[in-house]
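Since the structure comes first, as structure tokens, the remarks are kept for the end.
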């Protein structure tokens, strides 16, 4: 009987599969989020919904004499059980890349409570009791952006890497064994084509098996110039190819002051970009209000917010969501120039929670870093109301024996899952009528069918998934 059951599945899966083989996506056992159109073939009474993080309040003030009002370009790295924070320190505005700019460091055991250790590396203001990890290295200290190198062949002495610099001159490469003591990799700049006048990020791509950098460049639409992004790649972090301008699809340009592109930690083949959208000349704060705020006179005639986009490699960003991801908060101090700039990286800060961080109150006393939280994978969901909706994926192959989902329903709602062949016909034993209805709110739930069949027999074969949702959100899925 079991042989007949498996044979039926085999025949259904392969009928018509050859004709569509070129369109079959190879998922392996990657976790997939619905942040783009990559997997979606059809939506019926279901929408892709971007979720806004929750304001958890300030976690760190830039209040040391060598930090101050113009501290910026934050990077958060989760290194095992330790959270590391890197940022530019400078109190008074000056030209980009001046010698007053330093790179500062803080750390945390939970991503919420931070300390600034006395590192005794540089003498700043007559004391070595400070948290400065790089000084007198202008213009690199204007925007040094480190990362933890996931390259399996990375040297122990270069476990951390970073890029920093401005134009002219270009980006210099730095390396570190411990994330605190840094050395210049070589005198010559490694990337020279670009504007570079904000945070330029890099990382080792596990999916592309090379280093990838996203840098500040410019773009034109008609007669108007925009702050934009280009991408360069390297196999050794020293020799980089020519930066290629990123494209955004059929959407209007925004001024992207930063883009903060980085691999999502639970699905590193998806790069998430939570960047700063700059609105030059869009003034909210009046001259009188600016005087009360005591904001620097050059920094209140614009405003900015945080936007969300993604890429899976190549020179294209997906901008399914044009709305703000994190809006400026209540209070005029949040509506000044260059406030609301997100830090690089999303990090997990609890069993069900992850966090992003945003620099706020720029160019003012009280400039600080604020934490925003969301559920794990909770960036975007497929969402249906009380009318049942459905989602059909494109054809794909997977590896594994079970299907795991991250979901949320109301008490009246549900999620049901069906396995289809490439022509859209239910596989025996894995139909909507066979599945165990899922009700609840869980980061991880394994889908089961009445037959209790393992998915091993289907692993490696072209299939589709059909999700039925009622008053529910589906955040991600993964085959194990």
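The values are calculated or read from the model by the stated rules, or taken from the named source; none is laboratory data. All of these numbers come straight from a predicted model, not from anything done at the bench. Here the Cβ is made from the backbone with ideal geometry for all residues, glycine too, and neighbour counts use every protein chain on show.
Values as computed for the structure displayed
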{"quantity": "Answer from 406, 423, 340 - the residue that is in contact with a helix residue (DSSP H, G or I) (Cβ under 7 Å, 6 or more places away or on another chain) and either buried (at least 22 other Cβ atoms within 10 Å of the Cβ) or over 30 Å from residue 70 (Cα atoms) (or both)", "calculated": "340"}
{"quantity": "Count of residues meeting criterion [within 16 Å of residue 208 (Cα to Cα) and either assigned to a strand (DSSP E or B) or at pLDDT below 95 (or both)] in segment 245-278", "calculated": "10"}
{"quantity": "Count of residues meeting criterion [over 18 Å from residue 172 (Cβ atoms) and in a strand (DSSP E or B)] in segment 132-158", "calculated": "1"}
{"quantity": "Leading residue by the ranking (farthest from residue 261 (Cα to Cα)) among those in segment 134-148 that are without any contact (Cβ under 8 Å) to a residue 60 or more places away in the chain and surrounded by fewer than 22 Cβ atoms within 10 Å (Cβ to Cβ)", "calculated": "136"}
{"quantity": "Residues located in segment 428-460, provided they are farther than 18 Å from residue 388 by Cβ, within 31 Å of the chain's Cα centre (by Cα) and part of a loop (DSSP other than H, G, I, E, B)", "calculated": "459, 460"}
{"quantity": "Qualifying residue in segment 255-277 (condition: surrounded by 21 or more Cβ atoms within 10 Å (Cβ to Cβ), over 28 Å from residue 356 (Cα atoms) and touching a residue at least 40 places away in the same chain (Cβ under 8 Å))", "calculated": "no"}
{"quantity": "Qualifying strands (runs of 3 or more DSSP E) (wholly inside segment 177-231; at least 3 residues being touching a residue at least 24 places away in the same chain (Cβ under 8 Å) and over 19 Å from residue 342 (Cα atoms))", "calculated": "210-221"}
{"quantity": "Failed item in (1) surrounded by fewer than 18 Cβ atoms within 10 Å (Cβ to Cβ); (2) on the phi > 0 side of the Ramachandran plot; (3) modelled with pLDDT under 95; (4) under 29 Å from the mean Cα position of the chain (by Cα), with residue 80 passing the rest", "calculated": "(3)"}
{"quantity": "Some residue of segment 9-24 being modelled with pLDDT of 95 or more, farther than 26 Å from residue 307 by Cβ and either buried (at least 17 other Cβ atoms within 10 Å of the Cβ) or touching a strand residue (DSSP E or B) at 6+ places or on another chain (Cβ under 7 Å) (or both)", "calculated": "yes"}
{"quantity": "Which listed residue, of 164, 170, 179, is under 15 Å from residue 142 (Cα atoms), out of contact with any helix residue (DSSP H, G or I) (no Cβ under 9 Å at 6 or more places or on another chain), at pLDDT 95 or above and crowded, with 16+ Cβ neighbours inside 10 Å", "calculated": "170"}
{"quantity": "Of all residues making up segment 91-131, the number that are in a loop (DSSP other than H, G, I, E, B) and in contact (Cβ under 8 Å) with a residue 24 or more places away in the chain", "calculated": "19"}
{"quantity": "Number of positions in segment 101-121 that are more than 25 Å from residue 373 (Cα to Cα) and surrounded by 17 or more Cβ atoms within 10 Å (Cβ to Cβ)", "calculated": "4"}
{"quantity": "Residue in segment 416-427 that is over 27 Å from residue 23 (Cβ atoms) and assigned to a strand (DSSP E or B) present", "calculated": "no"}
{"quantity": "Odd one out for residue 428, checked against (1) surrounded by fewer than 20 Cβ atoms within 10 Å (Cβ to Cβ); (2) touching a strand residue (DSSP E or B) at 6+ places or on another chain (Cβ under 7 Å); (3) in contact (Cβ under 8 Å) with a residue 40 or more places away in the chain", "calculated": "(2)"}
{"quantity": "Count - residues of segment 375-396 that are under 26 Å from the mean Cα position of the chain (by Cα) and surrounded by fewer than 17 Cβ atoms within 10 Å (Cβ to Cβ)", "calculated": "0"}
{"quantity": "Some residue of segment 278-293 being more than 30 Å from residue 159 (Cβ to Cβ), without any contact (Cβ under 8 Å) to a residue 24 or more places away in the chain and in contact with a strand residue (DSSP E or B) (Cβ under 8 Å, 6 or more places away or on another chain)", "calculated": "yes"}
